[in-house]
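First the structure, in the form of structure tokens, and then the observations on it.
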Amino acid sequence: MEIKKVKRSEDYSLWYNNLVKNADLAEHSAVKGCMVIKPYGYAIWEKMQAELDRRFKETGHQNAYFPLFVPKSLFEAEEKNAEGFAKECAVVTHYRLKTNPDDKGKLMVDPEAKLEEELIVRPTSEAIIWNTYRDWIQSYRDLPILINQWANVVRWEMRTRLFLRTAEFLWQEGHTAHATKEEAIEETIQMLNIYADFAENILAVPVVKGVKTENERFAGADDTYCIEGLMQDGKALQMGTSHFLGQNFAKAFNVKYLTKENKQEYVWATSWGVSTRLMGALIMCHSDDDGLVLPPKLAPIQVVIIPIARKDDEKALVLDKVNELAKQLKEKGISVKVDSRDNLTPGYKYAEWELKGVPVRMAIGPRDLQNETIEIARRDTKEKQIVSLHGVDDTVNKLLLQIQDNLYAQALQYRNSHTWEVNTWDEFLDAIENKTGFVSAHWDGTGETEEKIKELTKATIRCIPMANKEETGTCILTGKPSNKRALFAKAY
RNA sequence: CGGGGUGUAGCGUAGCCCGGUAUCGCGCCACAUUUGGGAUGUGGAGGUCGUAGGUUCGAAUCCUGCCACCCCGACCA
């Protein structure tokens, strides 16, 4: 594999695209804006799914599946939601093709087969799900409903990028129904916390939890909470959202329940989701000029072992040892790959596994057999050490944990050193334009000011961090009073 | 969707201006020698030149439509 190496410092987007392709994560398909997720990339997504799914189930959620298509009349029921997504919907209008009489061998849409009602390919599933929930909910005893679905959705984006923004993407969407506002808000926050925990402990990406401004809020929500990560190039990435939907969908779809007091009340709702965009976060947070760097908890292959030998008799001995070692590691629950391809040199293999982000590489040759040692290299720091073969499984286990922690620590360190608290417009401009990263600043709370700042600097309010305390200040742009700082950044 | 650019073997490319059936490197296959940081030699396979039309005796090359991708905007998870 001859790789045209582009450094992050030279062209970050090109570096990103090359990495996605070269590390075998995904590629463009014949369909505009849609990607093929390749087995190695999909394996990482599956690990993410497993971690999230476990957390969802631990908090009482169940998986279900709702249709890909939403009849237009249902889609438009919740006005704000419909309006928000209208511009990026794929629409099915016909259900049949036929042979083109003017051009045999070609197909055409059969004009006779026009659907009476258009079907919208879901950009999100609130509509179809709330239409269904109406039939599922009669009494307070039917609540809460705690459902998640793993699905694909389509948003007809003008400009796409592998994993970060594709016309079709994979995600999970949770949709819950509750008897009270308090319970729904509690659910919204709970899921936000689950996302944050997942991001930090599994992806090793530190995130800021916060609330979106009205401008950035999910269409149809009363409040949108989010986790925001900071990428290596100083741009922010929204990594997950959790919405408190109030009674908007319940009212739009007439979903009521009978209280203990025998009163009809509208149901309270939440929805929350993360997508394959997290793959982009993973890449842009940890990887380097040599390729992907995977946190051990998500690496499909945690350890690769490379046997080194010249002669046939040496090969046999080394391979025996390698297989024994692999077995030993697997017993500890470590996923191991033995790279015994004999047409490639060790150097080539090192480079290839580095490109693919395998956290730990072990090399063993005749010299090690004699000394009862093995070479261990870690992907994150590139450090190599020769260690004893005795107890090497424990050594590796510890190393994997260390790498996981180190990746988080590095990312946190980067974020902390790229988060700027500013109090004047000039400081703000300097931070956004030159220093890059998160900028914490006072803002007068109006959509107009937010919009103006976006026009002037391309920076948006990523969120109002939940950790921010009330403090008196003045808006960096208008000078009007403000009681809380917002977090600004240029974003993906 | 607007502006700019690109599309030639799995990948990266030359050829296009000035029309004559495609160049080179990597990879791939076979054999041999190799293997502790991207091996070497010899032989070989692989191409509807993005796609559909047009001009021409003849098109990768000229013209038109379409498709996809990249960069910059607007939109967005």
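The values are calculated or read from the model by the stated rules, or taken from the named source; none is laboratory data. Computed from a predicted structure; not experimentally measured. Note that we place each Cβ from the backbone using ideal geometry, even for glycine, and neighbour counts take in every protein chain shown. Protein only, heavy atoms only, side chains kept; ligands, DNA and RNA dropped before computing areas. Shrake-Rupley method; radii C 1.70, N 1.55, O 1.52, S 1.80 Å.
Work out how far the C-alpha atoms of region A:1-70 reach from end to end along every principal axis, then list the three figures in whole Å, largest first.
47, 29, 22
By how many degrees, between 0 and 90 and to the nearest 10, does the Cα long axis of helix A:39-58 differ from the longest principal axis of chain A?
60 degrees
Regarding region A:58-126, what is the average projected area of its C-alpha convex hull, in nm²?
Mean orientational projected area (region A:58-126, Cα hull): 7.5 nm².
With the cut-off at 37 Å, report for chain A the share of all Cα pairs above it, as a whole percent.
The share of Cα pairs beyond 37 Å in chain A comes to 39 percent.
Among A:Ser73, A:Asn193, A:Leu203, whose Cα lies farthest out toward the positive end of the dipole of chain A, if unit charges sit on the beta carbon of Lys, Arg (+1) and Asp, Glu (-1)?
The one lying farthest along the dipole's positive direction is A:Leu203.
Pairs A:Lys47/A:Lys181; A:Lys235/A:Lys384; A:Lys72/A:Lys114; A:Lys57/A:Lys263; A:Lys452/A:Lys484; A:Lys7/A:Lys349: which exceed 24 Å Cα-Cα?
A:Lys47/A:Lys181; A:Lys235/A:Lys384; A:Lys57/A:Lys263
Only four residue types carry charge here, +1 at the Cβ of Lys and Arg and -1 at the Cβ of Asp and Glu. Report the dipole size of region A:12-286 about the Cα centre in Debye, rounded to the nearest 20.
540 debye
Given A:Leu164, A:Gly391, A:Gln413, which one lies farthest toward the positive end of the charge dipole of chain A, if we put +1 on the Cβ of every Lys and Arg and -1 on the Cβ of every Asp and Glu?
Most positive-ward Cα: A:Gly391.
If a/c stays under 1.5 just call it rounded; otherwise compare a/b with b/c (prolate if a/b is bigger, oblate if not). Do that for region A:419-489, with a ≥ b ≥ c from the square roots of the Cα gyration tensor eigenvalues.
It comes out rounded by the Cα gyration axes.
Measuring from centroid to centroid over Cα atoms, what is the spacing of region A:247-287 and region A:68-112 in Å?
26 Å
Rounded to the nearest 5, what % of the DSSP beta bridges within chain A are antiparallel ones?
85 percent
When the Cα centres of region A:296-322 and region A:186-221 are compared, how far apart do they sit, in Å?
Each part reduced to its Cα centre gives a spacing of 42 Å.
Which of the three applies to region A:1-152, rounded, prolate or oblate, going by the alpha-carbon gyration tensor with a ≥ b ≥ c and a/c under 1.5 meaning rounded?
Because a/c hits 1.5 or more and a/b fails to exceed b/c, region A:1-152 counts as oblate.
To the nearest 20 debye, what charge dipole does chain A have about its Cα centre, counting +1 at the Cβ of each Lys and Arg and -1 at the Cβ of each Asp and Glu?
740 debye
Looking at the square roots a ≥ b ≥ c of the eigenvalues of the Cα gyration tensor of region A:12-286, which shape do they give, rounded for a/c under 1.5, prolate if a/b is larger than b/c, or oblate?
It is oblate, given that a/c is not under 1.5 and a/b is not larger than b/c.
For region A:31-137, run through the trypsin sites (Lys or Arg not before Pro) and keep only the ones in DSSP coil with at most 12 other Cβ atoms within 10 Å of their Cβ.
Those that pass, being in a loop and sparsely packed, are A:Lys32, A:Lys87, A:Arg96, A:Lys104, A:Lys106.
Taking loop as defined by DSSP and a crowding limit of 11 other beta carbons within 10 Å, which GluC sites (Glu not before Pro) in region A:319-383 fit?
A:Glu372, A:Glu383
Rank A:Met466, A:Gly479, A:Trp443 by how far each Cα sits towards the positive end of the charge dipole of region A:419-489 (+1 on Lys, Arg Cβ; -1 on Asp, Glu Cβ) and give me just the farthest.
A:Met466
Solvent-accessible area per residue for chain A at a 1.4 Å probe radius, Å²?
47 Å²
Expressed as a rounded percentage, what relative contact order does chain A have, with Cα pairs under 8 Å and six or more residues apart?
Once normalised by length, the contact order is 13 percent.
Give me the tail of P(r) for region A:301-399 as a percent: Cα-Cα pairs with distance above 20 Å.
In whole percent, the long-distance tail amounts to 30.
When the accessible area of region A:12-286 is computed with all protein chains present and a 1.4 Å probe, what percentage of it is carbon and sulfur?
The C+S portion of the solvent-accessible surface of region A:12-286 is 48 percent.
Under a plain spin-label model, where a point goes 7 Å from the Cα along Cα-to-Cβ, how far apart in nm are A:Lys330 and A:Asp394?
Between A:Lys330 and A:Asp394, the label points sit 2.4 nm apart.
Just to confirm a number: summing +1 for Lys and Arg and -1 for Asp and Glu over residues other than A:Asp444 whose beta-carbon lies under 10 angstrom from that of A:Asp444, what do you get?
-1
Rounded to the nearest 5, what % of DSSP beta bridges with both residues in region A:12-286 are antiparallel?
Roughly 95 percent of the DSSP beta bridges within region A:12-286 come out antiparallel.
Which value does Rg/Rh take for region A:85-172 over its C-alpha atoms, Rh per Kirkwood?
1.13
If I compute solvent accessible area with a 1.4 Å probe over the protein chains, what percent of it on region A:419-489 is carbon and sulfur?
The nonpolar share, carbon plus sulfur, comes to 50 percent.
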